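Visitor: Dropping the structure in here first, questions after.
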Amino acid sequence: MTRPLAILFAWTMALGAALFLLAPLMVIAAASFSPTPVFDLPVGGASLRWYARIGQMDGFWPALSLSLQIAALSTALALALGTLAAIAIAQGRLPGAEAIGTFLVSPLMMPGLVLGIALLQYFRAMGFSAAWSALLLAHLVVTLPYVARTMIAGLSRFDFTLVEAARTLGCTYPGAILKVMVPALAPSFLTAGLFAFLASFDNYPVSIFLTDVRTKTLPIKMLQYIEEAPDPTLAALSTLILGATVILLVASDRLVGLHRMAGTGQ
Amino acid sequence: MTDTALPLVKAPAAPGRERWLAVALAAPALLILLALFALPLAKLLAASVAGPDGPTLAEYAKLLGTPYYLGVIWNSVRLALLTTGIALVIGYPAAFALARARGAVRSALLACLFLPLAASVIVKAFAWTILLRSDGLVNETLLALGLIDAPIRMIFTETALIVGSVNIFLPFMILPIYTVVAQLDPRLMEAAATLGAAPAEAFVRVVVPLTVPGVVAGVALVFSLAVSAYVVPTLLIGERYPTLSTTIAKAYLLARQPTFGAAAGVVLLVIAVATVALSTRLARLGGAR
């Protein structure tokens, strides 16, 4: 293959991949405006009636509220605990730092379903049956490795002597942290938080084992809707979730830059 | 493996107080994962060999000794192999194009990667059920182009499963390869050409070996994700293609066979972790060469 041909081939694959990756998202968005209940593409007349019906789906609001609570709380906790641990690891004063770092990231390698059944048995054996708390604890295990990985990577490029330098120049210790460390680490922190939140909000395989009849997260409800009665209301809901994701991504791109997230994110 | 392998600034003989501070900073996260990850896993391992009269390997014998369950394991592995292979064939050249892109084109392409990555797996799998229905967009397009005479059945077939799976896991292949390719020195090809290598030879002998770490990372990630996928097979093929994941879920949620479920979980865990461990070793070997 000659060089121009090879480059042409690479570009064809990249554009093909881009189209292929976007296809399901575009289809969902198009189907949500379907004028009929059978996912017709809105040729000739778009309809917003499916959006109006999202709120009437059985059990929708409690599921959304539960998912947002669990995702927000577990992400906040994971950011706090993960960042502190990452600082200890990156400063190099922790005995066995590399092994601890590997351990903190290791749940990422683990099939979600296996974590789910392991926690189910564990909580059952302890007689712990509060679904909300069980979900929060489980999601902490889901989110913490994302934060640990991104923050360890981010902090390994941070020069801790800068904090000392700021103190020598007259900053108080908290002031030095706030003025030197926080701005330098903000991009990693934001990336970590974004991926942790999304991982929790979209989690199905861990949550499914820890819910009860009244405590169901949004992904579980959605899969239930799809299996029972798929209609364009689900497409409308999916489109709204996609819309929110786009807003999050655009905001992150403005603040951090996607090409930097490609290095530190997933 | 010692901690000296980490490329970190080593504080020269940290005073005891600072060392304790470091331990205190890391302790909460460490304790949480010990209590909610390591310990439950150990218990799961114990539960998988629990029998009425002491430890038994009966459930493992059932899994690894009956043709049906061997078929289930093979279904999971086959799904992961096909997904990984196809994702590599698409993702490898795509990562090169992405690394060459600049400015707005690069932003657009990266957005095409990140948006699906951030989108819910359930939403994407659901979209494929709409796309692949007999009166769905794919069939309508093929009909309109005259490529087929009657709609072909795609949903609930292996084709649907593989298409959906590749679609969902492709970004995990492209990103690690892209990260490596983007760091390559563009003058490498010129240097090889100066030394008399034809472009194809220069690419295969100079560039490809340097991208091995990215490829290994992508392959490990995609394989371990696809082998344990649950939502994708549930929505796109269903009962006709039982996998380890669907079998585990059934054992716990419907059949109430926790010992069998635990054993199946351990088998899935071993496959996923072995893939990652093996590829990490391969990457180290490749890097050491």
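The values are calculated or read from the model by the stated rules, or taken from the named source; none is laboratory data. Given the structure is predicted, the values throughout are model-derived calculations rather than measurements. Cβ atoms come from the backbone with ideal geometry, glycine included; neighbour counts cover every protein chain shown.
Visitor: I'd like to check something: does segment B:66-76 contain any residue that is farther than 18 Å from residue B:243 by Cα, surrounded by 21 or more Cβ atoms within 10 Å (Cβ to Cβ) and within 13 Å of chain A (Cβ to nearest Cβ)?
Guide: So in segment B:66-76, the residues farther than 18 Å from residue B:243 by Cα come out as none.
Looking for residues that are farther than 18 Å from residue B:243 by Cα, surrounded by 21 or more Cβ atoms within 10 Å (Cβ to Cβ) and within 13 Å of chain A (Cβ to nearest Cβ), one finds none in segment B:66-76, hence no.
Visitor: Got a sec? Which of A:249, A:162, A:169 is touching a helix residue (DSSP H, G or I) at 6+ places or on another chain (Cβ under 7 Å) and either at pLDDT 85 or above or away from every other protein chain (no Cβ under 12 Å) (or both)? Give the steps one after another, and end with the answer.
Guide: Working: A:249 fails: either at pLDDT 85 or above or away from every other protein chain (no Cβ under 12 Å) (or both); A:169 fails: touching a helix residue (DSSP H, G or I) at 6+ places or on another chain (Cβ under 7 Å).
Exactly one of A:249, A:162, A:169 is touching a helix residue (DSSP H, G or I) at 6+ places or on another chain (Cβ under 7 Å) and either at pLDDT 85 or above or away from every other protein chain (no Cβ under 12 Å) (or both), namely A:162.
Visitor: Go through the residues of segment A:110-124 one by one and say whether even a single one is modelled with pLDDT under 95, of a type in the set (A, V, I, L, M, F, W, C) and surrounded by fewer than 22 Cβ atoms within 10 Å (Cβ to Cβ).
Guide: no
Visitor: Are there helices (runs of 4 or more DSSP H) fully within segment A:147-266 with at least 1 residues that are charged (D, E, K, R)? List them.
Guide: A:161-168, A:218-228, A:232-255, A:258-264
Visitor: Another question about this same structure. With respect to residue B:241, is the statement that it is out of contact with any strand residue (DSSP E or B) (no Cβ under 7 Å at 6 or more places or on another chain), within 10 Å of chain A (Cβ to nearest Cβ) and surrounded by 16 or more Cβ atoms within 10 Å (Cβ to Cβ) true?
Guide: Against the criterion (out of contact with any strand residue (DSSP E or B) (no Cβ under 7 Å at 6 or more places or on another chain), within 10 Å of chain A (Cβ to nearest Cβ) and surrounded by 16 or more Cβ atoms within 10 Å (Cβ to Cβ)), residue B:241 does not qualify.
Visitor: Restricting attention to segment B:125-138, report how many residues are farther than 21 Å from residue B:168 by Cα and more than 9 Å from chain A (Cβ to nearest Cβ). Give the derivation first.
Guide: Residues of segment B:125-138 that are farther than 21 Å from residue B:168 by Cα, as a first pass: B:134-135.
From the residues that got through so far, the ones that are more than 9 Å from chain A (Cβ to nearest Cβ) too are B:134.
Going through segment B:125-138 one residue at a time, the tally reaches 1.
Visitor: So residue A:107 clears everything in (1) modelled with pLDDT under 90; (2) buried (at least 21 other Cβ atoms within 10 Å of the Cβ); (3) in contact with a Leu (Cβ under 8 Å, 6 or more places away or on another chain) except one condition, right? Which one?
Guide: (1)
Visitor: Here is a further query. If we only count helices (runs of 4 or more DSSP H) wholly inside segment A:24-113, which ones have 1 or more residues that are away from chain B (no Cβ under 13 Å) and within 24 Å of residue A:241 (Cβ to Cβ)? Quick ask: steps written out before the conclusion?
Guide: Values: elements: A:49-53, A:60-91, A:97-105.
Helices (runs of 4 or more DSSP H) meeting the threshold: A:49-53, A:60-91.
Visitor: Residue B:257 is checked against (1) crowded, with 22+ Cβ neighbours inside 10 Å; (2) closer than 16 Å to residue A:114 by Cα; (3) away from chain A (no Cβ under 11 Å) and fails just one. What number does that condition carry?
Guide: Answer for residue B:257: the failing condition is (1).
Visitor: Hey, another quick one. Among A:216, A:179, A:221, which is basic (Lys, Arg) and farther than 30 Å from residue B:253 by Cα?
Guide: A:179
Visitor: Kindly check whether there is at least one residue in segment A:219-228 that is in contact (Cβ under 8 Å) with a residue 12 or more places away in the chain, of a type in the set (Lys, Arg) and buried (at least 21 other Cβ atoms within 10 Å of the Cβ).
Guide: Yes, segment A:219-228 has at least one match.
Visitor: Which condition does residue B:83 not pass, out of (1) β-branched (Val, Ile, Thr); (2) at pLDDT 95 or above; (3) farther than 30 Å from residue A:240 by Cβ, if it passes all the others?
Guide: The single condition residue B:83 does not satisfy is (3).
Visitor: Given (1) closer than 14 Å to residue B:45 by Cα; (2) of a type in the set (A, V, I, L, M, F, W, C); (3) buried (at least 16 other Cβ atoms within 10 Å of the Cβ), identify the lone condition not met by residue B:270.
Guide: So the condition that residue B:270 fails would be (3).
Visitor: Taking the options A:106, A:133, name whichever one is within 12 Å of residue B:37 (Cα to Cα), out of contact with any Gly (no Cβ under 8 Å at 6 or more places or on another chain) and either of a type outside the set (A, V, I, L, M, F, W, C) or free of Cβ contacts under 8 Å to residues at least 40 places away in the same chain (or both).
Guide: Selected residue: A:106, the only one of A:106, A:133 that is within 12 Å of residue B:37 (Cα to Cα), out of contact with any Gly (no Cβ under 8 Å at 6 or more places or on another chain) and either of a type outside the set (A, V, I, L, M, F, W, C) or free of Cβ contacts under 8 Å to residues at least 40 places away in the same chain (or both).
Visitor: Any idea which residue in segment A:150-164 is nearest to residue A:102 (Cα to Cα), counting only those that are surrounded by fewer than 19 Cβ atoms within 10 Å (Cβ to Cβ) and among the hydroxyl-bearing types (Ser, Thr, Tyr)?
Guide: Step by step, filter segment A:150-164, then rank; the result is A:156.
Visitor: Considering only residues that are of a type in the set (S, T, N, Q) and more than 21 Å from residue B:132 (Cα to Cα), look in segment B:231-260 and name the one that is modelled with the lowest pLDDT.
Guide: B:257
Visitor: Return the residues of segment A:235-248 that are without any contact (Cβ under 8 Å) to a residue 40 or more places away in the chain and aliphatic (A, V, I, L, M); say none if nothing qualifies.
Guide: A:241, A:244, A:246, A:247
Visitor: Checking the conditions here, which among B:276, B:212, B:206 is facing chain A (nearest Cβ under 10 Å) and touching a helix residue (DSSP H, G or I) at 6+ places or on another chain (Cβ under 6 Å)?
Guide: Every option except B:276 fails the conditions.
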